[in-house]
1. If you take the residues of region 107-125 that are under 16 Å from Ile61 (Cα atoms) and in contact with a helix residue (DSSP H, G or I) (Cβ under 7 Å, 6 or more places away or on another chain), which of them is surrounded by the fewest Cβ atoms within 10 Å (Cβ to Cβ)?
2. State the number of residues belonging to region 152-172 that are surrounded by fewer than 18 Cβ atoms within 10 Å (Cβ to Cβ) and part of a helix (DSSP H, G or I).
3. Would you confirm, using the coordinates I've provided, whether Leu107 is more than 20 Å from Ile133 (Cβ to Cβ), hydrophobic (A, V, I, L, M, F, W, C) and modelled with pLDDT under 85?
4. State the number of residues belonging to region 154-189 that are within 20 Å of the chain's Cα centre (by Cα), among the aromatic types (Phe, Trp, Tyr) and under 20 Å from Gln121 (Cα atoms).
5. Residues Gly142, Gly138, Gly176: which one is crowded, with 16+ Cβ neighbours inside 10 Å, more than 21 Å from Tyr111 (Cα to Cα), of a type outside the set (A, V, I, L, M, F, W, C) and at pLDDT 90 or above?
6. Kindly list, by first and then second residue, each pair from a residue in region 23-44 that is modelled with pLDDT under 80 to a residue that is surrounded by fewer than 19 Cβ atoms within 10 Å (Cβ to Cβ) and assigned to a helix (DSSP H, G or I), limited to pairs with Cβ atoms under 7 Å and residues at least 6 apart or on different chains.
7. Between a residue in region 105-131 that is within 14 Å of Ala158 (Cα to Cα) and any residue that is loosely packed, with under 10 Cβ neighbours inside 10 Å and modelled with pLDDT of 90 or more, which pairs come within a Cβ distance under 9 Å, given they are 6 or more apart or on different chains?
8. Have a look at Thr178, Thr110, Thr182 and point out the one that is over 16 Å from Gly39 (Cα atoms) and part of a helix (DSSP H, G or I).
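The values are calculated or read from the model by the stated rules, or taken from the named source; none is laboratory data. Just so we're clear, the structure is a prediction, and the values are computed from it rather than from any experiment. Counting neighbours? That spans all protein chains shown, and the Cβs are built from the backbone with ideal geometry, glycine included.
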Amino acid sequence: MEISSDQALEALDDVAQAQRRLSVLRGYRYAAPYFFLWGAIWLVGYVVSYLAPSRAGQAWIGLDGLGFAASLLLAWRQAREVAGPARQARAHSRRLFALFATCVGFLLATYAVLQPHDAAQFAVYPGLLIAAIYIGVGIWRGLRWSIAGLVLAALALAAYFLLRPYVLLWMAGAGGGTLLLTGAWLRRS
C-alpha cells in the first residue's frame, strides 16, 4: 500500500503535535511539586505576617530559604531523572538558582526604587511579579501556566483594591491556594 506525500506530511505533523503535547504535559508534571511547595510557603508566610507583623521579615527569610533549598533539591532530582548524569543535574540546579536570584534581586531593587508605603503594597507585589512570570512561561510552555498567572494577578489586584484591611489573609488563602490548586491541576496532566 502506497501513501501519498500529503498523507506522509499529515502523519509527520500528527507525530510532531503529539510530541509537543507530551512535552507540555511532562513540563506540567515536573512543575506541580514547585506549585505545592511555594503554595504552602505563601500560605504560612502570609498568615504569619498577619498574625505577627513584627516577625514577618524573619518568617519570610526563613520560609524563602527553606523554599529555595527544597526547590534546588527538587530540580536536582528531576534533572537526574530526566537528563541522567549528575553534571546535567548540577547545570539545571544552577539555572534554577540564577532564576531565583534574579527574581529576588528584581523584587528587592523594585522595593528600593519604588519604596512602598504600606503593607498592602509589600504583600501584593510579589504575587504580581510571580503572576507575570507564570504568564510569560505559559506563552512558551503551556496554557495552564498562563491561566495560573492570570488568576493570581486578578486575586492579588482584588486584594489590593477591594480587601485592603485583609490583604495578608487574602494573599495567604487566595495566593497560596491558587498555587496549591495549580499544582494539583498540573499533576493531573
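1. Within region 107-125, the match that is surrounded by the fewest Cβ atoms within 10 Å (Cβ to Cβ) is Leu107.
2. Of the residues in that region, 9 qualify.
3. Spelling it out, it is not the case that Leu107 is more than 20 Å from Ile133 (Cβ to Cβ), hydrophobic (A, V, I, L, M, F, W, C) and modelled with pLDDT under 85.
4. So the count comes out to 1.
5. Numbers: Gly142 fails: at pLDDT 90 or above; Gly138 fails: at pLDDT 90 or above.
Just a single option satisfies the conditions, and that option is Gly176.
6. What qualifies is Val24/Arg141; Gly27/Arg141.
7. That search, which allows pairs on different chains as well, returns Ala120/Pro165.
8. Details: Thr178 fails: over 16 Å from Gly39 (Cα atoms); Thr182 fails: over 16 Å from Gly39 (Cα atoms).
Testing whether each residue is over 16 Å from Gly39 (Cα atoms) and part of a helix (DSSP H, G or I) leaves just Thr110.
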